[in-house]
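Notes for the one structure printed next.
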Amino acid sequence: MAGTVRGRGWVRSWGRDALGLGWEDARGPLQAGSETPSSKYCWTMSNTSQRISVTEQHMAERKIAVVGAGLIGLSTAVYISESIPKCSVTVISERFTPNTTSDVAAGMLIPHTYPGTPVHQQKQWFRETFDYLFEISNSSEASDAGIHLVSGWQIFKTIPDEELPFWSDVVLGFRSMTKEELKKFPQHKFGQAFTTLKCDCPSYLVWLEKRLKENGSQVYARRVEDLWELHNKYDIIVNCSGIGSRELMGDLEIYPVRGQVLKVHAPWVKHFIRDGDGLTYIYPGIHNVTLGGTRQKDNWSLSPDPSSSKDIFDRCCVLEPSLQRAQNVMVRVGLRPSRLAVRLQKEMLVHGGKKLPVVHNYGHGSGGFSVHRGTAKEAARLVGECIAALEGSSSKAKL
Ligand SMILES: Cc1cc2nc3c(=O)[nH]c(=O)nc-3n(C[C@H](O)[C@H](O)[C@H](O)COP(=O)(O)OP(=O)(O)OC[C@H]3O[C@@H](n4cnc5c(N)ncnc54)[C@H](O)[C@@H]3O)c2cc1C
Ligand SMILES: O=C([O-])CC(=O)C(=O)O
């Protein structure tokens with residue numbers, strides 16, 4: 001069975017591979033049982049990626065599979081394909097844009113704290129992500145990538161313990177709100193004004209997919225039940241399966257935090273507004289304004305809840321009364337892949353005397369957009385270490 005899905009510039013063809021599993025290919029269907037055309041792969045280096053230091057000479061071409069095609073999988077695959085020489089990158093995922101959690105997100109660059117990750121590390125990830133997207137926002141790619149600057153306010157009913165958050169010198173023009181500005185919010189006592197970046201989620205994911213295609217990477221649509229399925233075809237696995245890691249890796253430290261948002265047409269809203277309690281926010285984007293939200297721990301339901309929609313809308317109208325005239329209200333629900341700390345580490349799986357190096361990059365919770373480029377860079381560095389170890393063991397074997 002074969003067919004074609006979805007347009008938007010990159011048509012994926014699909015069919016079934018030698019394992020009897022559904023696959024998708026960026027350049028048209030492979031024949032069942034055919035070899036992955038890895039020798040055709042090439043790598044390029046953009047001025048925003050650093051090349052990972054892996055000795056190129058005499059290196060075997062390494063086959064890397066990235067599991068997951070949400071924001072984290074795509075951005076990690078792009079970073080690897082642009083920074084590691086002599087490797088082929090294949091993305092394998094059950095779902096693609098527009099059907100991932102990443103498509104539901106507001107896509108704002110305002111960090112959420114991971115209690116189990118050192119703050120200096122989170123700040124570095126945020127800075128790397130901010131600098132990368134700022135450069136895109138300042139280029140001709142900005143509209144294709146769906147990246148833009150947005151200014152606004154974070155407001156508080158009581159003065160927060162931390163008046164200067166750790167990320168205040170990364171965003172632009174951070175300052176306390178003036179008394180005049182606060183008059184707009186009579187229930188709030190304190191506020192922070194700043195300019196940050198926003199990703200238009202489906203556009204950014206489509207743009208990342210396009211980058212991968214240009215780098216010669218492959219994309220397959222299928223669910224992975226066990227990483228060992230990939231052992232014979234790939235040298236290194238990068239696990240970016242988000243909340244899917246609970247089942248795939250048996251990681252009980254990751255849990256869903258259900259989020260419901262409304263996407264509305266209100267083109268006159270230009271400023272973002274976020275209540276510091278993290279529950280209510282208004283984020284103007286390119287195509288619509290995202291109104292949020294809910295945070296429901298351990299709730300797996302992807303069905304929209306009408307009473308939550310009304311509550312979100314009412315809360316947002318209190319902060320921005322003009323939203324009462326908003327139109328085309330769409331409801332979206334996503335499960336934030338939450339964890340005390342992002343899992344960004346190497347693991348060597350061993351099974352029947354065989355080894356499979358895995359790099360994990362998942363558990364970004366409420367803040368994936370804010371740190372994705374930084375975590376992609378760190379995951380690529382760990383992949384570089386795995387390659388160096390494989391090179392070391394293959395040269396020892398030759399002696
Ligand atoms: C309502 C809401 C608003 C948000 N707003 C923001 C925001 O403004 N700013 C911000 O920084 N963050 C925000 N987030 C958080 C952000 O969306 C997440 O941190 C981010 O999307 C996580 O990306 P991911 O790639 O890890 O997960 P996902 O997008 O869920 O991708 C996981 C991928 O893995 C695949 N997969 C899973 N299991 C398997 C398997 N067994 N086999 C094959 N494939 C598998 C899935 O199909 C999917 O493609 C928001 C989240 C929500 C829900
Ligand atoms: O909290 C926010 O501002 C938006 C967000 O990241 C979320 O809902 O997870």
query: Among G250, G216, which is the only one that is at pLDDT below 95, surrounded by fewer than 21 Cβ atoms within 10 Å (Cβ to Cβ) and either away from ligand 2 (no atom under 16 Å from the Cβ) or of a type in the set (D, E, K, R) (or both)?
result: G216
task: Scan region 226-256 residue by residue and report those that are without any contact (Cβ under 8 Å) to a residue 40 or more places away in the chain and either touching a Lys or Arg at 6+ places or on another chain (Cβ under 6 Å) or under 30 Å from L291 (Cα atoms) (or both).
output: R246
task: Give the number of residues within region 79-114 that are within 16 Å of ligand 2 (Cβ to nearest atom) and of a type in the set (S, T, Y).
output: 5
- prompt: Any chance region 287-309 includes a residue that's part of a helix (DSSP H, G or I), farther than 30 Å from S143 by Cβ and away from ligand 2 (no atom under 16 Å from the Cβ)?
  reply: yes
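Would you be able to tell me the number of residues in region 284-319 that are of a type in the set (D, E, K, R) and over 24 Å from the mean Cα position of the chain (by Cα)?
Total meeting the criteria: 5.
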message: Here is a check on your reading of the model: is G392 small (G, A, S) and either in a strand (DSSP E or B) or free of Cβ contacts under 8 Å to residues at least 12 places away in the same chain (or both)?
response: yes
- request: Tally the residues that are more than 14 Å from ligand 2 (Cβ to nearest atom), touching a strand residue (DSSP E or B) at 6+ places or on another chain (Cβ under 9 Å) and either closer than 28 Å to R258 by Cβ or open to solvent by 20 Å² or more (accessible area, probe 1.4 Å) (or both), restricting the search to region 126-137.
  value: 4
Odd one out for V224, checked against (1) within 10 Å of ligand 1 (Cβ to nearest atom); (2) more than 23 Å from C201 (Cβ to Cβ); (3) not in a loop (DSSP other than H, G, I, E, B): (3)
field: Residue in region 316-326 that is without any contact (Cβ under 8 Å) to a residue 60 or more places away in the chain and within 15 Å of ligand 1 (Cβ to nearest atom) present
entry: yes
task: Check whether at least one residue in region 361-382 is within 20 Å of the chain's Cα centre (by Cα), of a type in the set (D, E) and more than 18 Å from G259 (Cβ to Cβ), and report yes or no.
output: yes
task: Run down R343, R274, R315, R339 and say which single residue is within 16 Å of ligand 2 (Cβ to nearest atom) and closer than 23 Å to S93 by Cα.
output: R339
query: Among the candidates G259, G276, G191, which residue alone is touching a residue at least 12 places away in the same chain (Cβ under 8 Å), over 22 Å from E82 (Cβ atoms) and near ligand 1 (Cβ under 10 Å from one of its atoms)?
result: G259
query: Among the residues of region 333-373 satisfying the criterion of being away from ligand 1 (no atom under 12 Å from the Cβ) and out of contact with any strand residue (DSSP E or B) (no Cβ under 7 Å at 6 or more places or on another chain), which is least open to solvent (accessible area, probe 1.4 Å)?
result: A341
query: If we keep just the residues of region 75-99 that are within 9 Å of ligand 1 (Cβ to nearest atom) and farther than 15 Å from N361 by Cβ, which is most open to solvent (accessible area, probe 1.4 Å)?
result: R95
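The values are calculated or read from the model by the stated rules, or taken from the named source; none is laboratory data. Keep in mind that this is a model prediction, so the values were computed, not measured. Backbone-built Cβ (ideal geometry, glycine too); neighbour counts: all protein chains shown. The area values use the complete protein model at the heavy-atom level, side chains included, leaving out ligands, DNA and RNA. Shrake-Rupley method; radii C 1.70, N 1.55, O 1.52, S 1.80 Å.
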